[in-house]
1. Please verify whether A:VAL119 is more than 8 Å from chain B (Cβ to nearest Cβ), farther than 26 Å from A:LEU40 by Cα and aliphatic (A, V, I, L, M), treating the condition exactly as stated.
2. Kindly evaluate B:VAL228 against the criterion of being in contact (Cβ under 8 Å) with a residue 60 or more places away in the chain, part of a helix (DSSP H, G or I), more than 19 Å from B:VAL138 (Cα to Cα) and away from every other protein chain (no Cβ under 14 Å).
3. Checking A:GLN26 against (1) free of Cβ contacts under 8 Å to residues at least 60 places away in the same chain; (2) of a type outside the set (A, V, I, L, M, F, W, C); (3) away from ligand 2 (no atom under 16 Å from the Cβ), only one condition comes out false. Which one?
4. Just give me the residues in the range B:86-136 being among the aliphatic types (A, V, I, L, M) and in contact with an Asp or Glu (Cβ under 6 Å, 6 or more places away or on another chain), in sequence order.
5. Filter the range A:55-75 down to the residues that are under 18 Å from A:PRO157 (Cα atoms), in contact with a helix residue (DSSP H, G or I) (Cβ under 9 Å, 6 or more places away or on another chain) and outside any strand (DSSP E or B), then identify the one that is farthest from the other protein chains (Cβ to nearest Cβ).
6. Which one of these is at pLDDT 90 or above, within 14 Å of chain A (Cβ to nearest Cβ) and under 19 Å from B:LEU74 (Cβ atoms): B:ILE186, B:ILE173?
Amino acid sequence: MTEPTTVVSVSGVTKTFPRGNVTALQDINLDLGAGEFISLIGPSGCGKSTLLRVIGDLVEPTSGSVTINGKSAHQARTDRDYGIVFQDAVLFDWRTVSKNIELPLEMLGWDRPKRRTRVAEMLALVELTGFGDHHPWQLSGGMQQRVSIARALAFEPALLLMDEPFGALDEMTRERLNLELLSIWQQLQSTVVFVTHSISEAVFLSTRVVVMSPRPGRIAGIVDIDLPGPRSVETREDPRFFELVTEVRELLRMRGEHLLPEEEAAVAGEDA
Amino acid sequence: MSASALTLRSTKALREWAPALVVAIAVIGGWQGAIAAFDIQQFLLPKPSNIAAALWDDRGTLWPAGWYTFKEALGGFALGSCLGVLFALIVARFERVGAALMPIAIAGNAVPIIAFAPIFNAWFDPLEPTSKMAIAGVLCFFPVLVNTLRGLQSVRPQQIELMRAYAAGEIAIYRRVRIPTALPYIFTSLKIASVLAMIGAVVGEYFGGSFDALGVLIRSDAQILDFVTAWAGIVVASVLGITLYLAVAIAERIFVRWAPGGRDV
Ligand SMILES: Nc1ncnc2c1ncn2[C@@H]1O[C@H](COP(=O)(O)OP(=O)(O)OP(=O)(O)O)[C@@H](O)[C@H]1O
Ligand SMILES: [Mg+2]
């Protein structure tokens, strides 16, 4: 196997918020190869959103650094190298659904007909055809979240940062969009960082699952997902799928208790 | 828009306005009746019918005078509001300037500026419209400044974060996020300003002004105890003030069409 080129490289990132003196992230090291699909999972408040923001250059790390495609995170942001879906939909009330999806395309200077065509495609993808002229406040929470997913995907970024994008959706839509996301990922050969609270979703989607532990936020372990691709409905019935789900769950549970450093080393050894 | 939709809209408008209309008619009717019943003196409160008659008889002087004053109010409104918005944009952009100026602006907003009317008449030629425009303008300036600034600052941080993720610069953030967010606040303050502008112009004229002006007319009629004509002048001032207010409200409907305020689109 050839070594894949590193797309995102997080090295020694620590983030302390002065207000409340919270150490949201402590010494995070993580490399993402091109075309990887990484899930971040961990209890609430363990720094998943913060890590995503650090990667996106929306939050300055206290120490450590992030490079994206060999550039600084700042340069990558300026070059519009990534698309982002926030935990909340973050839509603009004064724009219609279509106009919200168009926003990044406007910023990239696409002409109107091209924007229109793309918006129609994206609306179809998230099953919101016919809602293009609605305003965000006329939609349900789940529909709003789908608009923000459509917006992030609209310009086909090579790197996608997604913070619990499917959290507000019903199970059926969620599973369908999981499959859609996978097919987009395969088609675009993009790299994805995906935050979720669902173990099975993480295992189903990812090439690697990063388990985080809280206070301070650290990487507790990384589980390689060796399920055969392309994933499909059957994947969820694969015995290996259940083994991996259990493995992630164990890792999460273990981190609920306090471990001594030696034990931590032992667990890390098991993973390797 | 189809004809039926138009009818639907006008029926709806009628239903919305009907209660207000009924109340207005009842008040005027009650007023007319009360004067007859309690034998109230003409100089205390004239009959609506007499005011209406004066309004008709003196239409040749009242309305041109009203128009003269309205133009002063409009000039002051435009000047004061534009400067208010402009100042707010500058203050919001440069935080240090904002920190220094904001307490002063808030204090200025609380000062009864109308009390300065005689002074403005001394600063500018009281017979020229500029002196009244200045009062109206200063009256409009502070509420527009304070509200616009509040609007510009009430942007959700996540929206700014999203724009930054798309590498948006300050100008793009202003154009696409801050100004649209501030727009409802701006219109609220413009509605307040439209009322203040007319007050400023008329009261400014009470302290002296051209004989073409409505405020001067109302005052001199009151001085010679011609209260019916004074009342007719007040009606003209009210009609013009309400017109300005409605114009702003209509502009608001056009520019803030998207607002979620319960309006069915
Ligand atoms: N802007 C901020 N200022 C101060 N503290 C913050 C800020 N943002 C996050 N934190 C703190 O950092 C820690 C991690 O927050 P973060 O939002 O990254 O958690 P999370 O893993 O995304 O949680 P959840 O699963 O609930 O979304 C929390 O303790 C939080 O209080
Ligand atoms: Mg989060």
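The values are calculated or read from the model by the stated rules, or taken from the named source; none is laboratory data. Since the structure is predicted, the reported quantities are computational estimates derived from the model, not experimental observations. Every residue, glycine among them, receives a Cβ derived from its backbone with ideal geometry; neighbour counts consider all protein chains shown.
1. yes
2. Values: in contact (Cβ under 8 Å) with a residue 60 or more places away in the chain: yes; part of a helix (DSSP H, G or I): yes; more than 19 Å from B:VAL138 (Cα to Cα): yes; away from every other protein chain (no Cβ under 14 Å): yes.
So B:VAL228 passes the test.
3. All conditions are met except number (1).
4. B:MET133
5. For the range A:55-75, the residue satisfying everything is A:ASN69.
6. So the residue among B:ILE186, B:ILE173 that is at pLDDT 90 or above, within 14 Å of chain A (Cβ to nearest Cβ) and under 19 Å from B:LEU74 (Cβ atoms) is B:ILE186.
Quick grid of which residues meet (1) in contact with a strand residue (DSSP E or B) (Cβ under 6 Å, 6 or more places away or on another chain); (2) without any contact (Cβ under 8 Å) to a residue 24 or more places away in the chain; (3) over 14 Å from B:GLY208 (Cα atoms):
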position: B:ARG93; (1), (2), (3): no, no, yes
position: B:ALA100; (1), (2), (3): no, yes, yes
position: B:ASN109; (1), (2), (3): no, no, yes
position: B:PHE120; (1), (2), (3): no, no, no
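Per-residue answers, yes or no, for (1) in a loop (DSSP other than H, G, I, E, B); (2) away from chain A (no Cβ under 14 Å):
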{"residue": "B:LEU139", "(1), (2)": "no, yes"}
{"residue": "B:VAL146", "(1), (2)": "no, yes"}
{"residue": "B:GLN159", "(1), (2)": "no, no"}
{"residue": "B:ALA167", "(1), (2)": "yes, no"}
